[in-house]
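Heads up: the structure comes next, in structure tokens.
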Amino acid sequence: MQKIQYVLVVVLIIVVVALAVAIAVVKPDLGSSSEGTSTETPGGNTDVLQNSGKPSQTDEVPDSTEAPTAEPTPDAQKPLKGLVVCIDAGHQGQQNKEKEPCAPWGKDANSSVNNEVMKTKCASGTTGRFTGIPEFEVTLDISLKMQAELEKLGATVVMIRETHDVNLSNKERAEIGNNAKADVVLRIHCNGAESESAQGIELYVRDKGDNTAEYKARSDSDFALASELLGYLIDKTNAKNRGVKKSDNYTGTNWSEVPSIIIECGFMSNETEDNLLVSAEYQQKIADAVANWCVNSKLLNK
């Protein structure tokens, strides 16, 4: 009997030991992993989460408060905002032979040019000796291109005329610029001469006027502006530089109370320049030169 009990005890011990060993083999050791606590989602496929386009626990989440890249401000794209330019396309479809005073001042202020000296309200202008195209058509073409460039840059452009069918005297044209309080009036013209060899660009501004110190200061200021502008025109067109000249002979300049510059864009009596002046490409060069001057001028109030 004792032997049987002894055998049962031994068998029981063996069974208990076997069960303990089996449990140890089947159950994983949670404390032995070198990776630490598992971050796997149910199903164990971490690739599905990472490839889904959503951030995983280890992905960096962008700062939603970060400011977007700054875009150029509208003002930065409009460097001429606030500038008022008056463009006077010289002449018109029909000349006006009526007379008007050449200047607002009296004979005592200037014995040569004064309000007793009468001049034609609007002359016919010249005509291309080789192209046969009239000046008034060319000046408007150039002026419209100039307007487009300046307005793209933010300038306010006052056009004296946008059609050939007008009847405006030179005095009336000046008054439009005065009423607009223009920063500058650009009077667009083309030249003509007896000699076909004459060529180049020249500019005109006011001269002695009423012979006061104030008028002289205005004349000197206009001359400086025109000299600066001429540099841009010559650089862009490669035309001959004929300089800036002062004169009291132009009604539109004499009646102008704001800076006023006559741009003689070239000679329609010269074969080369006549053909250039009627071409859209050359007209655009003149317009671009004026726009560049307006943007970069150190003298023009902006």
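The values are calculated or read from the model by the stated rules, or taken from the named source; none is laboratory data. Predicted model only: the values in this text are computed from it and were never measured. FYI the Cβ positions are ideal-geometry reconstructions off the backbone, even for glycines, and counts take in every protein chain you see.
Numerical summary
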{"quantity": "Among the residues listed as Ala76, Ala109, the single one being modelled with pLDDT under 95, out of contact with any Lys or Arg (no Cβ under 8 Å at 6 or more places or on another chain) and of a type in the set (Gly, Ala, Ser)", "calculated": "Ala76"}
{"quantity": "Hey, Lys171 in contact with a strand residue (DSSP E or B) (Cβ under 8 Å, 6 or more places away or on another chain) and either assigned to a helix (DSSP H, G or I) or aromatic (Phe, Trp, Tyr) (or both) or not", "calculated": "yes"}
{"quantity": "Among (1) touching a Leu at 6+ places or on another chain (Cβ under 9 Å); (2) under 23 Å from His91 (Cβ atoms); (3) loosely packed, with under 15 Cβ neighbours inside 10 Å - the single one Ala193 does not satisfy", "calculated": "(1)"}
{"quantity": "Options Thr212, Thr251, Thr237; residue that is within 15 Å of Ala289 (Cβ to Cβ) and either at pLDDT 95 or above or of a type in the set (Asp, Glu) (or both)", "calculated": "Thr237"}
{"quantity": "For Thr65: the one exception among (1) modelled with pLDDT under 95; (2) of a type outside the set (Phe, Trp, Tyr); (3) under 17 Å from Asn170 (Cα atoms)", "calculated": "(3)"}
{"quantity": "Condition check for Ser247: within 24 Å of Ser143 (Cβ to Cβ) and hydroxyl-bearing (Ser, Thr, Tyr)", "calculated": "yes"}
{"quantity": "Leading residue by the ranking (farthest from Val157 (Cα to Cα)) among those in region 123-145 that are hydrophobic (A, V, I, L, M, F, W, C) and surrounded by fewer than 21 Cβ atoms within 10 Å (Cβ to Cβ)", "calculated": "Phe130"}
{"quantity": "Some residue of region 149-156 being assigned to a helix (DSSP H, G or I), within 23 Å of Val278 (Cα to Cα) and touching a residue at least 40 places away in the same chain (Cβ under 8 Å)", "calculated": "yes"}
{"quantity": "Wholly enclosed strands (runs of 3 or more DSSP E) of region 179-297 bearing at least 3 residues of a type outside the set (A, V, I, L, M, F, W, C) and over 26 Å from the mean Cα position of the chain (by Cα)", "calculated": "241-246"}
{"quantity": "Inter-residue pairs, beta-carbon under 8 Å, first among the hydrophobic types (A, V, I, L, M, F, W, C) and in region 186-204, second part of a loop (DSSP other than H, G, I, E, B) and surrounded by fewer than 18 Cβ atoms within 10 Å (Cβ to Cβ), 6+ apart", "calculated": "Ile201/Lys240"}
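Residue by residue, here is whether (1) free of Cβ contacts under 8 Å to residues at least 12 places away in the same chain; (2) surrounded by 18 or more Cβ atoms within 10 Å (Cβ to Cβ); (3) out of contact with any Cys (no Cβ under 7 Å at 6 or more places or on another chain) holds:
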{"position": "Asn211", "(1), (2), (3)": "no, no, yes"}
{"position": "Ala217", "(1), (2), (3)": "yes, no, yes"}
{"position": "Asn238", "(1), (2), (3)": "yes, no, yes"}
{"position": "Glu257", "(1), (2), (3)": "no, no, yes"}
{"position": "Ile263", "(1), (2), (3)": "no, yes, yes"}
{"position": "Asp274", "(1), (2), (3)": "no, yes, yes"}
{"position": "Tyr282", "(1), (2), (3)": "no, yes, yes"}
{"position": "Ile286", "(1), (2), (3)": "no, yes, no"}
{"position": "Lys302", "(1), (2), (3)": "no, no, yes"}
